[in-house]
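The structure under discussion appears below in the form of structure tokens.
The values are calculated or read from the model by the stated rules, or taken from the named source; none is laboratory data. The shown structure was predicted, so the numbers you read here are calculated from the model rather than taken from an experiment. Virtual Cβ from ideal backbone geometry, glycine too; neighbours counted across all protein chains shown. Note: areas computed on protein heavy atoms with side chains; ligands, DNA, RNA excluded. Shrake-Rupley method; radii C 1.70, N 1.55, O 1.52, S 1.80 Å.
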Amino acid sequence: MIDILSYSLMVIGIIFWFWGTLPLIGERSVLFKLHSLSVADTLGSMTIILGLLLKIPSEWSLLLLAIITLAIWNTVLGYVIAYCSIDEEIKNKKIN
Amino acid sequence: MDSILIAMILALLIPIYEAWQDDDIWQKMLAFASIATKTSIMMLVISVLRDDWSIGVVAVIILCVGNAGLMLLAHLIKRINET
Amino acid sequence: MIDKYVYIIVALLPLSALMLVFQTNPYHALVIRAILGAIAALVYIVLGAADVALTEALVGTMLAVTLYVVAVRSSLVLRLGILKGDGKTNSFTELIASLRKVINRHYLRLELIEYPDFLTLKQALVEREVHAICSQQDYSEPQNQNSATGIEIEQTYHTAIRVRRLFEILQTELTLPETTLTYVSVFNREDKH
């Protein structure tokens with residue numbers, strides 16, 4: 001029962017990964033790609049780790065640390081990349 | 001479990017392709033962010049698969065450090081384009 | 001004993017290495033080097049070397065790439081010495097803009113350094129403080145000879161470059177009537193560095 005649950009969680013996480021990563025290919029702006037990437041990638045990764053947590057509860061401390069790290073760092077990272085790339089977008093618009 | 005890992009490798013190939021074909025440096029950085037997260041999650045999966053505690057610890061450290069290094073790199077690249 | 005996914009993951013390593021080798025822009029190559037580092041760490045983990053993977057992630061990906069970005073940024077630069085009053089005139093900013101365009105094609109940055117008068121400008125070129133100087137006076141001509149006909153040639157600039165390769169690049173790609181290009185060989189003095 002728990003096995004099925006953990007496997008289905010991992011499969012859902014991988015679906016999230018594909019959903020977040022597929023918009024990377026294509027001619028959209030950086031911020032659009034960043035949005036889909038940061039939301040769907042982080043959620044997918046957290047779901048996968050949750051599935052692993054159900055599968056092997058003995059490593060719970062490590063996996064919990066990984067979840068917390070993902071939640072905090074990926075959010076901050078999304079903000080930092082957006083902040084750093086926005087300058088260039090404005091400059092390009094001015095030139096064009 | 002093996003098929004899950006192979007699906008993850010397929011998901012990893014998408015940002016690699018993106019980093020190869022796109023010419024904008026920020027798109028490459030996005031692809032790198034995606035790859036860094038994905039590889040460390042794959043390491044975690046492998047550590048659980050093999051029941052190896054030390055690999056799990058290294059995976060979590062790489063998850064932390066990779067993200068921190070990415071922020072550093074983003075700020076440096078921003079400085080390059082400024083002047 | 002060896003699973004199938006191990007082969008696929010190891011095959012990613014030469015793939016990303018080829019991507020790195022065929023990249024011409026140095027900054028893009030550095031980002032791809034970071035990607036290569038992440039994939040290499042994954043390969044080491046798959047093969048069971050946790051300590052090597054940790055070293056690769058910390059040193060190979062983070063430290064080396066950060067240091068190389070700083071190094072590439074400070075070495076891929078063309079330092080151009082100019083006179084203090086020159087920066088404001090209209091034709092000069094046009095000249096600088098087109099120079100920047102040519103240079104950016106070769107992934108170089110342009111850095112302007114101002115000097116108070118022509119003698120210190122010339123001295124800076126000889127002392128290798130700058131790679132090139134750009135002013136209305138010719139590098140080879142003496143100063144007083146030029147001042148007599150100063151009004152006539154006001155619109156032309158003389159750019160003296162002491163780096164051979166830069167001179168070749170600019171001569172073939174910079175097509176502007178506003179400036180003349182000359183190559184100046186600065187003698188190697190006894191202290192080599």
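When B:MET29, B:MET71 are checked against the criterion of being within 8 Å of chain C (Cβ to nearest Cβ), within 18 Å of A:HIS35 (Cα to Cα) and part of a helix (DSSP H, G or I), a single residue qualifies: B:MET29. With respect to A:LEU22, is the statement that it is in a helix (DSSP H, G or I), closer than 20 Å to B:SER47 by Cβ and open to solvent by 50 Å² or more (accessible area, probe 1.4 Å) true? No.
For B:LYS78, are the conditions met, namely being assigned to a helix (DSSP H, G or I), basic (Lys, Arg) and closer than 16 Å to A:ILE14 by Cβ? No.
In segment A:50-67, which residue that is open to solvent by 10 Å² or more (accessible area, probe 1.4 Å), more than 13 Å from B:LEU49 (Cβ to Cβ) and at the interface with another protein chain (Cβ under 7 Å from one of its Cβ atoms) is modelled with the lowest pLDDT? So, considering only residues that are open to solvent by 10 Å² or more (accessible area, probe 1.4 Å), more than 13 Å from B:LEU49 (Cβ to Cβ) and at the interface with another protein chain (Cβ under 7 Å from one of its Cβ atoms), the one modelled with the lowest pLDDT is A:LEU62.
The set of residues in segment C:25-58 that are more than 9 Å from every other protein chain (Cβ to nearest Cβ) and free of Cβ contacts under 8 Å to residues at least 12 places away in the same chain comprises C:ALA29, C:ALA49, C:VAL52, C:THR55.
Every test in (1) part of a helix (DSSP H, G or I); (2) within 10 Å of chain B (Cβ to nearest Cβ); (3) acidic (Asp, Glu) is passed by A:GLU27 save one, and that test is (1). Within segment C:56-103, being among the hydroxyl-bearing types (Ser, Thr, Tyr) and more than 21 Å from the chain's Cα centre (by Cα) holds for C:THR61, C:THR89, C:SER91.
Residues checked against (1) open to solvent by 50 Å² or more (accessible area, probe 1.4 Å); (2) over 17 Å from B:ILE80 (Cβ atoms); (3) touching a Cys at 6+ places or on another chain (Cβ under 7 Å):
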| position | (1), (2), (3) |
| --- | --- |
| C:ALA57 | no, yes, no |
| C:VAL69 | no, no, no |
| C:VAL72 | no, no, no |
| C:VAL77 | no, no, no |
| C:GLY85 | yes, yes, no |
| C:SER98 | no, yes, no |
| C:VAL102 | no, yes, no |
| C:HIS106 | yes, no, no |
| C:ARG109 | no, no, no |
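Of the numbered criteria (1) of a type outside the set (A, V, I, L, M, F, W, C); (2) under 19 Å from A:TRP17 (Cα atoms); (3) at the interface with chain C (Cβ under 7 Å from one of its Cβ atoms); (4) open to solvent by 10 Å² or more (accessible area, probe 1.4 Å), the one B:SER54 fails is (2).
Out of all the residues in segment B:39-53, is one or more under 23 Å from C:PHE22 (Cβ atoms) and in contact (Cβ under 8 Å) with a residue 12 or more places away in the chain? Yes, segment B:39-53 contains at least one residue that is under 23 Å from C:PHE22 (Cβ atoms) and in contact (Cβ under 8 Å) with a residue 12 or more places away in the chain.
Of B:ILE4, B:ILE61, B:ILE9, all but one fail to be in contact with a helix residue (DSSP H, G or I) (Cβ under 9 Å, 6 or more places away or on another chain), more than 10 Å from chain A (Cβ to nearest Cβ) and assigned to a helix (DSSP H, G or I); the exception is B:ILE9.
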